[in-house]
Structures are given as structure tokens and as C-alpha cells.
Amino acid sequence: MTESEKIEKPKIDIKRSLLDYAYLFLVSGGIIAFDQWTKILVRENIPLGGDWLPDWLSWLMPYARIRHWYNTGAAFGIFQDGNLVFTILAIIVSLGLFYYFPRAERRDWWLRLALAMQFAGAIGNLIDRLQFGHVTDFISVGNFAVFNVADSSISVGVAILAVGVLWTERQLKKQAREEKQGG
């Protein structure tokens, strides 16, 4: 037996991978569709720099509003004029998430949800960058930077990931203590 024959190659479960990608595309596809739809509504109905709220919510205007804005930087308006850098970064991150997703354990639903949300946010803003050279933003709350559904998806995905990691670590420590006490 040759040395190369001794090395066992991992088996790829195509059915499992297809199901994993179906989940990724279902979750992220819904978020991307919602993100793009809201951006189209804003671009078509509110002039750049303009604000909008329904009359019955006009009391919120100083604190929250729909404001048509655009951004050539990262999420929440940081690092302006970095569109090319963030376009390349979004492509790299999206490819990395796409590659890693089927390798995430199915029992780690929080990880899979977080990855799908981050993938959706990256793709949602990448579509804008490639199409317009900037990202359309429209959610304005107080003095915070104007953002969009894709930015929110990335942020919530990161929060889910952080909470999930902390929860898993806590469970593993608890399990180790129980095994130590029982053994």
C-alpha cells in the first residue's frame, strides 16, 4: 500500500451539503430580499437627504425616522470612501461564510442562524456597492448613524454568535464540573 493510499480522504455528504445550503439560501435569501425591497422603496420614494414618517408617528420625528442616505464606508457610516476595500472585503467574507456554513454542526442552530444573517448582510450591501458604488441607508434613530436591514442583519448575527458562544462555553464548563464530581 502506497503512502497516498493510506491517507483517508474525508467523505463529502452531498445530500447533507445541499440541505445545509438550502437552509443558508432560505434564511439569507429572505433577509436579502427584504433588504433590497426596502432600499428600492426608499430610493424611489424619498429624495436623498429627505425624511419620512407616517403622520400618526410624526411625534417620533426628532428621535426616529426613515432618512434616505448613502454610505461609501462600512456599516453605520464608519470609514467613508472605502467602497472598493469594502467591496473586496464583502466578497472575501461572503465566500468564507459560504465555505464554512455546511461545516457548522446542525445542533449549533444559533451558529448557523448567525452565519446566515451575516452572509445576508454582506451580500445585501455588496449588491448595492456593485450596482451603485455605495450602500443605501435609511433607518435613522437619534444621533446614531443611518443604517439599513443588511447592517442590522450583520449586527444581530454577531450578537447571536457572541451569546451562543458564551452559552456553549457555559454548558461545557457545567458538563465538565458534573463529570468531575461524578467521577
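Rule-based calculations on the coordinates, nothing more; no lab input. Computed from a predicted model, the values in this text were never measured in an experiment. Here Cβ is always computed from backbone atoms with ideal geometry, including for glycine, and neighbour counts include all displayed protein chains.
Annotations for the structure displayed:
- By other beta-carbon atoms within 10 Å, ranking Y21, Y99, Y70 with the fewest at the front produces Y99, Y21, Y70.
- Neighbour-count order for L41, L84, L97, fewest beta carbons within 10 angstrom listed first: L84, L41, L97
- With Cα atoms, 0 to 90° folded angle of helix 14-45 axis to the chain main axis: 10
- Computed over region 12-182: relative contact order in percent, which uses C-alpha pairs under 8 Å that are six or more apart: 28
- On Cα atoms only, tilt of 149-182 relative to the major axis of the chain in degrees: 30
- In this calculation the C-beta distance from L41 to T87 is compared with R0 = 30 Å, giving a FRET efficiency of 0.80.
- Folded to 0 to 90 degrees: helix 83-100 orientation relative to the chain principal axis, Cα: 30
- Close amide H partners of G50, meaning residues 5 or more places away or on another chain with modelled amide H under 5 Å apart, are H68.
- Each principal axis of region 135-180 carries a Cα extent, and these read 53, 19, 8 Å when sorted largest first.
- Neighbour-count order for M61, M117, fewest beta carbons within 10 angstrom listed first: M61, M117
- Label zone at K180 (point 7 Å along Cα-to-Cβ), backbone N below 12 Å, region 155-173: 173
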